[in-house]
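Reviewing the structure listed below.
The values are calculated or read from the model by the stated rules, or taken from the named source; none is laboratory data. Everything numeric in this text was worked out from a predicted model, so none of it was measured. Because the Cβ atoms are built from the backbone with ideal geometry, glycine has one as well, and the counts that use them run over all protein chains shown.
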């Protein structure tokens, strides 16, 4: 994962209210390919009174892979993106 890009994303996302972290968030989604290789987008869903959570990932070819468990998008960006990365590996292994 490219931590310089993650830091830039973190600065932008820390200024947003958590409910704005939606699947087509223009701040996060364009940088995913730089952070995670062939990942085009993450499916980030928001449920009222809960932090946003990543439920699936989509490749540049359009393949959708559902995570084995959802990952909360809460706290420092580099922390939850690291959790997303760990769950990506866990999901692909299964």
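A few points about this structure:
- The lone exception for residue 37 - which of (1) under 10 Å from the mean Cα position of the chain (by Cα); (2) modelled with pLDDT of 65 or more it fails: (1)
- Verdict on residue 86 being modelled with pLDDT of 90 or more and exposed (fewer than 13 other Cβ atoms within 10 Å of the Cβ): yes
- Scanning the range 53-80 for residues that are surrounded by 17 or more Cβ atoms within 10 Å (Cβ to Cβ), at pLDDT below 85 and either closer than 17 Å to residue 93 by Cβ or touching a strand residue (DSSP E or B) at 6+ places or on another chain (Cβ under 9 Å) (or both) yields 73, 80.
- Scope the range 65-79; condition out of contact with any helix residue (DSSP H, G or I) (no Cβ under 8 Å at 6 or more places or on another chain) and in contact (Cβ under 8 Å) with a residue 12 or more places away in the chain; matching residues: 70
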